[in-house]
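To start, the structure itself, in structure tokens.
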Amino acid sequence: MNQKMKINNKKNKKNEMAFCEVCNLNNDEGQNHKYYPNHKNSLSNFLSRFQTKIVDVRFFLKIPTILRPGISSRNRIWCVFCDFDIHETGSSFACANAISHLPSEEHLKKLKHFMWKYGGGMGWVGYFSGFRS
Ligand SMILES: [Zn+2]
Ligand SMILES: [Zn+2]
């Protein structure tokens with residue numbers, strides 16, 4: 001370990017490097033990062049990708065569909081907010097676990113934190129949690 005480097009880093013009051021999951025990049029812009037146009041563009045792409053999955057979940061919520069065992073491994077959603085893979089192995093209905101995951105307290109907490117951290121706006125919280133449009 002280079003002790004000198006550590007001390008120098010502490011002295012100059014630069015923001016620490018942080019990884020932005022939305023941009024998939026490291027940056028040292030701290031809280032300002034979320035206001036940058038590049039980040040805002042990435043964020044809207046990021047959210048619209050997840051939006052298409054929410055559309056699927058809503059579809060299966062309205063029209064419960066029996067999940068055939070052979071396809072259950074494909075019927076899975078990566079929750080970008082919780083960093084959590086929602087498996088449907090063992091589910092009887094398509095997206096059953098996703099349908100119960102989205103309104104959960106844990107998901108809501110992570111979702112709000114994400115919107116706060118990345119500047120998505122709380123308007124999205126209802127959409128990505130409670131099946132409200
Ligand atoms: Zn970013
Ligand atoms: Zn989640």
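What follows draws every value from the coordinates through simple rules; no lab data is involved. In this text the structure is predicted, and so the values were computed from the model without any measurement. In this analysis, Cβ positions are derived from the backbone assuming ideal geometry, glycine residues included, and neighbour counts consider all displayed protein chains.
Kindly point out which whole DSSP H helices in the chain project their C-alpha atoms 30 angstrom or further along the helix axis while averaging a Kyte-Doolittle hydropathy of -0.5 or above.
Those that clear 30 Å and a mean of -0.5 are 37-62.
For the chain, what relative contact order do you get, as a whole percent, if you take Cα pairs closer than 8 Å and at least 6 residues apart?
17 percent
Pairs on different chains or at least eight residues apart, Cα atoms closer than 20 Å: how many lysine pairs in the chain fit?
18
Can you work out D for the chain in µm² s⁻¹ from Stokes-Einstein, where Rh is the Kirkwood radius over C-alpha pairs, the temperature is 4 °C and the viscosity is 1.567 mPa s? Can you show the working numbers first?
On the way: Rh = 16.9 Å.
D = 77 µm²/s.
May I ask you to compute the full-extension gain from GLU16 to ASN38, defined as 0.36 nm times their residue separation minus their alpha-carbon distance, rounded to one decimal in nm?
6.0 nm
Would you work out the charge dipole size for the chain about its Cα centre, treating the Cβ of every Lys and Arg as +1 and the Cβ of every Asp and Glu as -1, and quote it to the nearest 20 debye? The partial results should precede the final answer.
Numbers: 20 positive and 10 negative charges, 84 e Å.
Computed charge dipole of the chain: roughly 400 debye.
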